[in-house]
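The values are calculated or read from the model by the stated rules, or taken from the named source; none is laboratory data. Quantities reported herein were computed from a predicted structural model and do not represent experimental measurements. So basically every Cβ, Gly included, is an ideal-geometry build from the backbone, and we count neighbours across all protein chains shown. These area figures cover heavy atoms from the full protein model, side chains too; ligands, DNA and RNA do not enter into them. Shrake-Rupley method; radii C 1.70, N 1.55, O 1.52, S 1.80 Å.
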Amino acid sequence: MKYYIAADGGGTKLQAVLYDETLHVINTARVSGVNSNFKPVERIAAEMHHLAAELIPEDIDVIENVTLSVVGDGEMLLDALKSRRPVRNCCYYGEGEVALAAAGVLYGVVAQAGTGSDAFLVQPGFRDAVGGWGAVLGDEGGGYDLGIRTLKAAIYAYDGRGPKTILLEMLMEKWNLSRPWDMIERLVRNPDSRELAASA
């Protein structure tokens, strides 16, 4: 039996699936984001090793192929997987190519929004991207951007600077806050405040 791994990683999460040659899923694993713009490389590496240990069971001898679409250092993930089992081959794909493949096509235009946002043009012999500048400089329409807008709308309503909404009540219940000001501590003390803000 031959075994394969596919992994997708961005600013919020890294997910991987282990499957066999019949496309039977054997195992899945997930850790938080792998973009070194948002967290230390050492932590990313440790989480990648944790993912590899969780994903690959002891009774598998070799991985035939690993397919990666990872924002940041894909080689670091490959090294973590290789530390568990030998890997015969590895393929890297960009976010745009993966999104188009999910739609069953090789070429086209795709706009996507997760925690961040960007758009891609993929044509034979030509690739281009717009966006993906990160939470501080862009990612308009992504989960982080919408989450921050939601949090601000709740704060503005509380302060009397904006229209009344049920957002603050919903956030306080969801995040189990006793007072609105607790939002500050919840975000500042969270090691991945981007993911938390995007959850809003």
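Can you tell me which residue within the stretch 71-88, out of those that are part of a loop (DSSP other than H, G, I, E, B) and under 26 Å from ASP118 (Cβ atoms), is farthest from the chain's Cα centre (by Cα)?
Looking only at the stretch 71-88, we keep the residues that are part of a loop (DSSP other than H, G, I, E, B), and these are 71-73, 83-86.
Add one more test, that the residue is under 26 Å from ASP118 (Cβ atoms), and what stays is 71-73.
Working: VAL71: 8, GLY72: 11, ASP73: 13 Å.
The qualifying residue farthest from the chain's Cα centre (by Cα) is ASP73.
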Original post:
Within the set of pairs 6+ apart or on separate chains, which have a first residue in the stretch 140-158 that is at positive phi, a second that is crowded, with 18+ Cβ neighbours inside 10 Å and among the hydroxyl-bearing types (Ser, Thr, Tyr), and C-beta atoms under 7 Å apart?
Top reply: GLY141/SER117
**OP:** Considering each residue of the stretch 8-30, count those that are buried (at least 16 other Cβ atoms within 10 Å of the Cβ) and over 21 Å from the mean Cα position of the chain (by Cα), and give that number.
**Re:** 1
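Each row is one residue, and each column tells you yes or no for (1) under 25 Å from ASP192 (Cβ atoms); (2) out of contact with any Leu (no Cβ under 8 Å at 6 or more places or on another chain); (3) open to solvent by 20 Å² or more (accessible area, probe 1.4 Å).
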position: MET48; (1), (2), (3): yes, no, no
position: VAL71; (1), (2), (3): yes, yes, yes
position: SER83; (1), (2), (3): yes, yes, yes
position: VAL87; (1), (2), (3): no, no, yes
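Answer yes or no: is there a residue in the stretch 131-152 that is touching an Asp or Glu at 6+ places or on another chain (Cβ under 7 Å), surrounded by 13 or more Cβ atoms within 10 Å (Cβ to Cβ) and polar (S, T, N, Q).
From the stretch 131-152, those touching an Asp or Glu at 6+ places or on another chain (Cβ under 7 Å) are 131-133, 139, 145; that's our starting set.
Add one more test, that the residue is surrounded by 13 or more Cβ atoms within 10 Å (Cβ to Cβ), and what stays is 131-133, 139, 145.
From what is left, the residues that are polar (S, T, N, Q) are none.
Within the stretch 131-152 (the criterion being touching an Asp or Glu at 6+ places or on another chain (Cβ under 7 Å), surrounded by 13 or more Cβ atoms within 10 Å (Cβ to Cβ) and polar (S, T, N, Q)), the answer is no, since none of the residues qualifies.
Consider VAL66 carefully, then state whether it is outside any helix (DSSP H, G or I), surrounded by 17 or more Cβ atoms within 10 Å (Cβ to Cβ) and over 17 Å from the mean Cα position of the chain (by Cα). Can you show your working first?
On the way: outside any helix (DSSP H, G or I): yes; surrounded by 17 or more Cβ atoms within 10 Å (Cβ to Cβ): yes; over 17 Å from the mean Cα position of the chain (by Cα): yes.
When the stated conditions are applied, VAL66 passes them.
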Original post:
Going through the stretch 114-130 one residue at a time, which ones are within 18 Å of GLU195 (Cβ to Cβ) and either part of a strand (DSSP E or B) or open to solvent by less than 30 Å² (accessible area, probe 1.4 Å) (or both)?
Top reply: THR115, GLY116, SER117, ASP118
**OP:** Quick one: count up the residues across the stretch 47-58 that are in contact (Cβ under 8 Å) with a residue 24 or more places away in the chain and either part of a helix (DSSP H, G or I) or under 13 Å from the mean Cα position of the chain (by Cα) (or both).
**Re:** 8
Original post:
Of all the residues that make up the stretch 31-46, how many are under 17 Å from the mean Cα position of the chain (by Cα) and open to solvent by 30 Å² or more (accessible area, probe 1.4 Å)?
Top reply: 7
Subject >> Matching residues, the stretch 110-149, being modelled with pLDDT of 80 or more and of a type in the set (Val, Ile, Thr) >> reply: VAL110, VAL122, VAL130, ILE148
